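We did not get these values from a lab; they are worked out from the coordinates using the rules stated. Please read these numbers as outputs of a predicted model, since none were measured by experiment. Here the Cβ positions follow ideal geometry from the backbone for every residue, glycine too, while neighbour counts run over all protein chains shown.
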Amino acid sequence: MKRILICGLPGSGKTTLATKLVAILGNADHYNADEIREKFSDWDFSLEGRQRQMKRMQDYSRKSVAKGNYGVADFVCPTNALQEEFRADYIIFMDTIEESEYEDTNKIFEKPSEKGFGLTLVADEWWDEDKIDEWAKLIAVDVKDHEFQSKLPTAQMLGRFQPFHSDHKELFERELEKHGQVAVLVTDAPITEDSPLDVLDICRNLELELSEYAGKFRTYPVPNIINDEGN
């Protein structure tokens with residue numbers, strides 16, 4: 001299981017993303033910084049106060065993992081030292097605003113290093129309801145990918161999926177129920193009028209359509225193999 005850190009300046013959208021991500025993950029607990037500070041009546045934003053806050057968020061997240069859930073910690077976590085000490089398995093950096101209304105936080109905030117990194121969300125990928133939903137779904141699929149066990153019996157679906165439609169999904173759900181997980185193989189066919197989508201765009205669309213089954217499927221681009229009986 002994983003500890004997920006969603007960090008960024010105040011007002012960058014951390015709680016919005018965390019709320020949607022937890023709903024999609026299902027087996028996840030959300031820890032919001034303001035709620036935790038209120039619980040402990042601790043509004044000290046000195047470096048010492050921020051250290052205590054990090055420890056509390058870390059402790060709650062660890063308890064979630066211990067009981068088999070994902071722990072989603074939604075807080076500023078402003079310095080590289082605090083980010084590294086938190087020891088997240090997956091970091092989401094909300095790089096969506098230039099600065100917050102809190103000058104003291106702006107001055108000390110450091111962008112996360114690559115260690116334990118998941119992804120960065122920037123302004124042009126954010127602040128739109130549809131985009132927020134898309135990113136929450138894609139992140140859930142990425143976060144739960146480790147649950148897919150390639151050595152276990154796995155159903156295989158092969159197709160162009162241009163587009164992925166209700167009949168495809170019905171077949172996917174039948175195979176999932178039968179075998180427990182599904183490998184969705186996407187043919188990397190030439191782009192034509194009938195097949196206008198690039199294979200990576202198709203894989204992304206599949207992850208969005210099947211995000212409720214995160215951890216139980218993987219998408220794989222495969223060559224456009226043909227059966228040439230003459231050779």
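Label-to-label distance for ASP44 and GLU99 is 2.8 nm, based on points extended 7 Å past Cα in the beta-carbon direction. Restricting the trypsin sites (Lys or Arg not before Pro) of the range 21-86 to loop positions (DSSP other than H, G, I, E, B) with no more than 11 neighbouring Cβ atoms within 10 Å leaves LYS67. Label sites at VAL222 and LEU208, each approximated as a point 7 angstrom past Cα along Cα to Cβ, lie 2.5 nm apart. Checking every one of the chymotrypsin sites (Phe, Trp or Tyr not before Pro) in the range 1-63 against DSSP loop status and a limit of 12 other Cβ atoms within 10 Å picks out TRP43. Please state the shape class of the range 3-146: rounded when a/c is under 1.5, otherwise prolate if a/b exceeds b/c and oblate if not, all from the C-alpha gyration tensor. Oblate. A straight Cα-to-Cα reach below 25 Å connects LYS20 with the lysines LYS2, LYS39, LYS55, LYS63, LYS67, LYS111, LYS115, LYS131, LYS137, LYS144, LYS169, LYS216, residues fewer than 8 places away in its own chain not being considered.
In terms of packing, defined here as the mean over residues of other Cβ atoms within 10 angstrom, the peptides 89-98, 104-113 line up highest first as 89-98, 104-113. Kirkwood hydrodynamic radius of the range 150-222, from the reciprocal of the average inverse Cα-Cα distance over all distinct pairs: 12.4 Å.
Isolated cysteines in the chain, defined as those with no second cysteine Cβ under 4.7 Å, comprise CYS203. For the pair the range 21-95 and the range 166-198, the centres of their Cα atoms are 37 angstrom apart.
Packing-based ranking of 214-226, 14-26, 196-208 yields 14-26, 196-208, 214-226, ordered from highest to lowest mean Cβ neighbour count within 10 Å.
Computed from Cα positions, the angle between helix 14-25 and the longest principal axis of the chain comes to roughly 40 degrees.
Summary of packing: across the peptides 141-148, 5-12, the per-residue average of other C-beta atoms within 10 Å ranks them, highest first, as 5-12, 141-148.
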